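A.B. asks: Pasting a structure below so you can have a look.
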Amino acid sequence: MSSSSTLATTPTQTPSQPAPNHRRSRRREGASLPWRYLGYVGYYVGAGLISGAVVHHPMDPTRYSMIAGAGVLVFLLATVLNDIILPPERPALSRMLRVLGTSTMLSFGLGMLSGGMQHFADLPDRCAVLIPLGIVLSFVAYFLKEDKTPWRRIFGLMGLAALIVSALTFAGLRHIAPTMAESGGGHSHSDVVTEKDSGEGRDGDHGTGTADPTSEPTAPTKNTNPSEEPGHEDGHNH
């Protein structure tokens, strides 16, 4: 056998190039980054609006209800952008409704948790309820939104752990709340209003220009003792 017949030809190797579909997907991801950024900004801004509204709602229900509604709207717009519009595959209608409903629950849960932690020193009794409730609500809402089999986790060991953490948090915060109220920790929004009203009252007193009637000078009383009248110092001096 000749040596030429025994030589095996080796195929030439060319450098691997990314497939066209891969290049398109990378280009699509790069183009969607600014929109994803807006979506995440909407998440945090919406949760921030809700957190402030949930904590301060008793002070002005109408005003803070509007703020909470605006926060939910911003959070839902961010959810629609990130979970419905930007993904390459459009989810089914049932999935869309599920995402919107659970995102509303998640926004309130995160708002209760973050707002309660931020304002616990100001409103300890109210925030002692909001924090554990926010833990439970955000936990349930997140797994309903993201997990394919959420009930196994919610009613499983993980759900039990979240429930125990929430109960211990509630008991601990309720124990600390009376001491926070007695020490007057944090800033009180009602004190600001009181100081403002008292300052306006002082300005009003200065602006009226009326003097206190008790501060008017009184006329000197006439001395009726004849021994001290002029010309009678020595009794008979005329």
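The values are calculated or read from the model by the stated rules, or taken from the named source; none is laboratory data. Fair warning: this is a prediction, and the values are worked out from it, not measured in the lab. As a convention, Cβ positions derive from the backbone with ideal geometry for all residues, glycine included, and neighbour counts pool all protein chains shown. Ligands, DNA and RNA are stripped out before the accessible areas are found, and what is left, the full protein with its side chains, is counted by its heavy atoms. Shrake-Rupley method; radii C 1.70, N 1.55, O 1.52, S 1.80 Å.
A.B. asks: Report the residue count in the stretch 110-123 for those that are among the polar types (S, T, N, Q) and buried (at least 21 other Cβ atoms within 10 Å of the Cβ).
C.D. replies: To start, the set of residues in the stretch 110-123 that are among the polar types (S, T, N, Q) comprises 114, 118.
After this cut, where a residue has to be buried (at least 21 other Cβ atoms within 10 Å of the Cβ) as well, the list is 114.
Summing the residues that are among the polar types (S, T, N, Q) and buried (at least 21 other Cβ atoms within 10 Å of the Cβ) in the stretch 110-123 gives 1.
A.B. asks: Return the pairs, sorted by first residue and then second, in which the second residue is basic (Lys, Arg) and open to solvent by 90 Å² or more (accessible area, probe 1.4 Å), the first residue lies in the stretch 158-171 and is at negative phi, the beta carbons are less than 7 Å apart, and the residues are 6+ apart or on different chains.
C.D. replies: Matching pairs, first to second residue: GLY159/ARG153.
A.B. asks: Select from the stretch 124-164 the residues that are buried (at least 18 other Cβ atoms within 10 Å of the Cβ) and hydroxyl-bearing (Ser, Thr, Tyr) and list them in ascending order.
C.D. replies: Across the stretch 124-164, the qualifying residues are SER138, TYR142.
A.B. asks: So for the stretch 89-109 (the condition being without any contact (Cβ under 8 Å) to a residue 40 or more places away in the chain and surrounded by 21 or more Cβ atoms within 10 Å (Cβ to Cβ)), does at least one residue qualify?
C.D. replies: Yes, the conditions are met somewhere in the stretch 89-109.
Each row is one residue, and each column tells you yes or no for (1) in a helix (DSSP H, G or I); (2) polar (S, T, N, Q).
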position: ALA68; (1), (2): yes, no
position: ASN82; (1), (2): yes, yes
position: ARG90; (1), (2): no, no
position: SER94; (1), (2): yes, yes
position: GLY101; (1), (2): yes, no
position: SER107; (1), (2): yes, yes
position: GLY116; (1), (2): yes, no
position: PHE120; (1), (2): no, no
position: ALA128; (1), (2): yes, no
